[in-house]
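Notes follow the structure.
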Amino acid sequence: METSVARIDGERRERTGVPEVIFAAGKTLEQNLALVAALHARTGFALATRVPPDQQAALAAAYPDAVLDPLAGALRRGTLPRTGERIAVVCAGTSDLPVAQEAAFVLDAFGDEVVRATDVGVAGVHRLFEVLDELRACRAIVVVAGMEGALPSIVAGLVKAPVIAVPTSVGYGAAFEGIAALLAMLTACAPGIGVVNIDNGFGAAALAHKIVCA
């Protein structure tokens, strides 16, 4: 299916397990409006991530049936079947919340049950142990952290489920906008960690969903 701005891949979910999703950043409001309409018409479901803040109100107004999460920068129309699978999203600090919320929003849109643990970073690691039983009941765990990026290693050393690590661009100068956290996660000692790109909450959610539901 073609629009004036894109070719819709309506069979992607059947082919890969993850539907086509609109990366809204860098697109005009008119392009995003057209893409949301076309995807929803073709599949009954449309998800857009990285929706620019100055477009969010207009998109939500154009589609009253849509669900908008301003913190995640994401919008969806329609629903997918619930999977019944529990996937955790663990967030090191409040500054990491936008990326963590993107991951949680996408997982929920894909039909998974999301278990959230927020502000459980290594500066107060005792907070992680308070939610450990909930995390151990999940099939996969997305861990979002900036600064030195140590939290995924700790989580992976405590749970059986695979850990998907997301470095964020949060931190002071030597964090190099997420490079320090990325390298720490890539060189983690604890086994069973996969790492996605900096600030890529969507990519982490897609990987966790495919691991659990494929």
Seminar exercise, completed: Relative to the chain, whose Cα atoms define the longest principal axis, helix 201-213 and its Cα axis are tilted in degrees, nearest 10, by 90
Problem set entry | Charge tally in the Cβ shell below 10 Å around ALA140, where Lys, Arg are +1 and Asp, Glu are -1, ALA140 excluded | +1
Exercise. By per-residue mean of other Cβ atoms within 10 Å, what is the highest-first order of 89-95, 103-109?
Worked result: 103-109, 89-95
For this session: Compare the peptides 188-196, 171-179 by average per-residue count of other Cβ atoms within 10 angstrom and give them in order, highest first.
Result: 188-196, 171-179
Exercise. Taking the Cα centre of each part, how many Å lie between the stretch 143-179 and the stretch 1-55?
Worked result: 30
For this session: Read phi for every residue in the stretch 78-87 and hand back ³J(HN,Hα) as whole Hz from Karplus 6.51 cos²θ - 1.76 cosθ + 1.60, θ = phi - 60°, with x for Gly and Pro.
Result: x, 9, 10, x, 5, 8, x, 8, 9, 10
Exercise. Which residue, ALA181, ALA100, ALA41, tops the fluctuation ranking in a GNM of the chain built on C-alpha contacts under 10 Å?
Worked result: ALA41
Seminar exercise, completed: Taking GLU30, GLU148, GLU113 and counting other beta carbon atoms within 10 angstrom, the fewest-first order is GLU30, GLU113, GLU148
Problem set entry | Cα-Cα pairs of the chain separated by more than 31 Å (percent) | 21
Problem set entry | Local electrostatic count, ASP199, Cβ distance below 15 Å [Lys/Arg +1, Asp/Glu -1] | -2
Seminar exercise, completed: Projecting the Cα atoms of VAL142, ALA109, GLY192 onto the charge dipole of the stretch 86-213, where Lys and Arg contribute +1 and Asp and Glu -1 at Cβ, the residue farthest towards the positive end is GLY192
Seminar exercise, completed: A student asked for the Cα radius of gyration and Dmax of the stretch 86-213 in angstrom ought to give 12.7, 39
Exercise. Relative to the Cα centre, what is the charge dipole magnitude of the chain, using +1 at the beta carbon of each Lys and Arg, -1 at the beta carbon of each Asp and Glu, and rounding to the nearest 20 debye?
Worked result: 460
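Diagonalise the Cα gyration tensor of the stretch 12-77 and give the resulting equivalent ellipsoid semi-axes, square root of 5 times each eigenvalue, largest first, whole Å. Write down the numbers at each step before the final one.
On the way: eigenvalues 71, 29, 24 Å².
Over the Cα atoms of the stretch 12-77, the semi-axes work out to 19, 12, 11 Å.
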Exercise. Which angle between 0 and 90 degrees, to the nearest 10, do you get for helix 53-62 versus the longest principal axis of the chain when only C-alpha atoms count?
Worked result: 50
Exercise. Taking Cα pairs under 8 Å and at least six residues apart, what relative contact order does the chain come out at, in percent?
Worked result: 16
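No value in this document is a laboratory result; all are computed from the given coordinates. Because the structure is a prediction, the values reported are computed rather than measured. Neighbour counts are summed over all protein chains in view; Cβ atoms, including those assigned to glycine, are modelled from backbone coordinates with ideal geometry.
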